[in-house]
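Readers should treat all values here as calculations from the given coordinates under stated rules, not as data from a laboratory. Owing to the predicted nature of the structure, the values given are computational and were not obtained by experimental measurement. With ideal geometry, Cβ positions are generated from the backbone for all residues, glycine too; neighbour counts draw on all protein chains shown.
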Amino acid sequence: MAHSLVLARKWRPKTFTELVGQAHVVRALSNALTQNRLHHAYLFTGTRGVGKTTIARILAKALNCADGVTATPCGHCAACQAIDSGNFADLIELDAASNTQVDAMRDLMDNLQYSPVYGRYKVYLIDEVHMLSKSAFNAMLKTLEEPPAHVKFILATTDPQKIPVTVLSRCLQFCLKQITTTLIIARLTDILAAEQIRADQTALKLLAHAAKGSMRDALSLLDQAIAFCNNCVEEAGTRAMLGVVNQDYLFALLQGLVQKDGIKLLAITDELEATGVSFDSVLQDLAAWLHQIALAQTVPQAIDEALPQCDQLFALAGQFSREDVQLFYQIALHGRQDLGLAPDEYSGFSMTLLRMLAFLPDMGEKTERVAENTGKYCKTLVLCADQQIPSKPQTTQTISLTPNEAWLTLVKQLKLTGMTRMLAQYCEASTFSPDKITLCLAPEHRHLLEKTYQEKLKGQLEAHFGNSVELAISLASISGDTLATRQENEKRTRQAEATNAIESEPFVQELIEMFDGTLDVTSIKPNP
């Protein structure tokens, strides 16, 4: 009965051109092989699954190919095929993790003097070389310094710090990078297409994220997902297999924090426990969301508008203060560290959420009465005109609003997101009609003039008016009366009114006098 190979073995690169994510190493080795500038000892370092032993075997083929020393081994000669199948007598592989003692190294060194049996070079591949004992390193040191001309050493390790400096100085060292999520997804997509297996991109993103930069781990996880999902790769099955939390739960947790709703947070915790998900992974994903929210608040252009949760991120970014996001991020990180010390994961996770609630600005139950008394100062103010811009002109009517006013009113009606919304909000209109709009943008916001954002804005305008719209945006000095500045002024006004209302509340003054206290005005938040 024939046995199918696991994907990690079946799709292991056999040439330098098939390698993913290690272009810097491939380029250096290819140039050295082409120019015949060969070193006697190579050291490949990097985390697991990034291609250390794969590159070592390709290098062994490049040194022993029947075509001669080459950066492009043929793959068909006896030497290339024997190395690919693991049966090449002149490629000696040693796992230092299970052969740490000096005797094994001395036996290896004793065989160095013999010429290759079939190939041009005798290649010694020592994996996890940092595991060798001190005496074993000493045994190989002399030979490593002056090996016979027919011998090449290839050392691989995940921990170069443990290798003696005397060994490091005698090797040509290459540091392999962790493979990016984008490259892993692209590789998985190609493999699945060749295997004729259906998959959705969200599931592949989950697998790539879980692989943590290791292509081998990604392929192993892909094998599991194919089996788990019954010869396909689907999001729901992949999430269940990986124990990855559904993103809706994370959004609900953050909404619970916005609302300061402890009951809601505990209810979500119960639901998460019922799914069997690891609370450590929930806190990890929660910290990742908080990081994205912080980016949306400070560097919004860094957020990919293609993200499914883009709108949710920008909505949350407007509901949390920057200080709260930074604090929650730190609490989430410390919560992960404390999980192992907690009575159980459930209590450790719920205590982390309660800690976030505890640090939110809150003046207690009596403050709620103050908020009720001053609620009229904490409502959202509508400063823009209520007049609607007609989606399709019925006749050749003149719009009564001025171009500034007409543009500001229209922007509020359009369903814009992310950076496209910011572009519209920071622009002023110099001319405005249903078929031609000319906008000005202050030079300090030139980063918003991306072609993609302009095209998306133009598409929204044409969808709104039902006709082709000529849109022109140029950098120029503006009056500053944009939707963004109006919203910021409105926010400051509401903050000032809320602060004044709290400061003048008799009960608050009574508390300050009674306890010789001061009012932390930064803790006062107007109602959304």
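Cross-link partners of K162 among lysines, defined as those whose alpha carbon lies under 18 angstrom from its own and excluding same-chain residues fewer than eight positions apart: K52, K134. Applying the criteria of a DSSP loop state and at most 10 other Cβ atoms within 10 Å to the trypsin sites (Lys or Arg not before Pro) of segment 1-69 yields R37. If I fit a long axis through the Cα atoms of helix 403-413 and take the longest principal axis of the Cα atoms of the chain, what angle between them do I get, 0 to 90°, rounded to 10? Value to nearest ten degrees: 60.
By other beta-carbon atoms within 10 Å, ranking I191, I512 with the fewest at the front produces I512, I191.
Based on C-alpha pairs under 8 angstrom that are at least 6 apart in sequence, the chain has a relative contact order of 10 percent. For L475, the residues whose amide H sits under 5 Å from its own are L441, ignoring neighbours fewer than 5 places away on the same chain, with H placed 1.01 Å from N. Here the ratio of the Cα radius of gyration of the chain to 2.2 N^0.38 Å is 1.34. Legend: calculated FRET efficiency, D159 to E323, from the Cβ-Cβ distance at R0 = 30 Å, rounded to 0.05, equals 0.15.
Checking the Cα-Cα distances for K205/K525; K177/K415; K212/K412; K61/K142 against a 31 Å cut-off, the pairs over it are K205/K525; K177/K415; K212/K412. Measure out, as a whole number of angstrom, how far apart the alpha-carbon centroids of segment 1-43 and segment 267-339 sit. Each part's Cα centre sits 39 Å from the other's. In nm, give the distance between the simple-model label positions of T17 and L5, each being 7 Å from the Cα along the Cα-to-Cβ direction. My value for the distance between the label points is 1.9 nm. How many angstrom lie between the C-alpha centres of segment 409-470 and segment 132-184? Result: 57 Å between the Cα centres. Fewest-first ordering of D516, D248, D223 by other beta carbons within 10 Å of each residue's beta carbon gives D516, D248, D223. Each of R106 and T180 was given a label point 7 Å from its Cα along the Cα-to-Cβ line. The distance between the two points is 5.1 nm. Sparse packing (at most 14 other Cβ atoms within 10 Å of the Cβ) combined with a DSSP loop state is found for the following trypsin sites (Lys or Arg not before Pro) in segment 197-304: R198, K260. Here is the list for segment 20-115: chymotrypsin sites (Phe, Trp or Tyr not before Pro) lying in DSSP coil, each with at most 15 other C-beta atoms within 10 angstrom of its C-beta, are Y114. Considering only beta bridges that DSSP places wholly inside the chain, some 20 percent are antiparallel.
The Rg/Rh ratio for segment 247-358 is 0.96, where Rg is the radius of gyration of the alpha carbons and Rh is the Kirkwood radius. Straightening the chain between Y114 and Q201 buys 26.1 nm, computed as 0.36 nm per residue apart minus the Cα-Cα spacing. At an R0 of 25 angstrom, the distance between the Cβ atoms of S278 and H334 translates into a FRET efficiency of 0.90. Relative contact order for segment 268-342: 41 percent, from Cα pairs under 8 Å spaced at least 6 residues apart, divided by residue count. Across segment 29-176, the relative contact order, built from alpha-carbon pairs under 8 Å that are at least six residues apart, equals 35 percent. Which of the aspartates and glutamates could a cross-linker bridge to K456, judged by Cα under 19 Å and excluding same-chain residues fewer than eight apart? Partners within reach: D304, E305, D311, E428, D435, E470.
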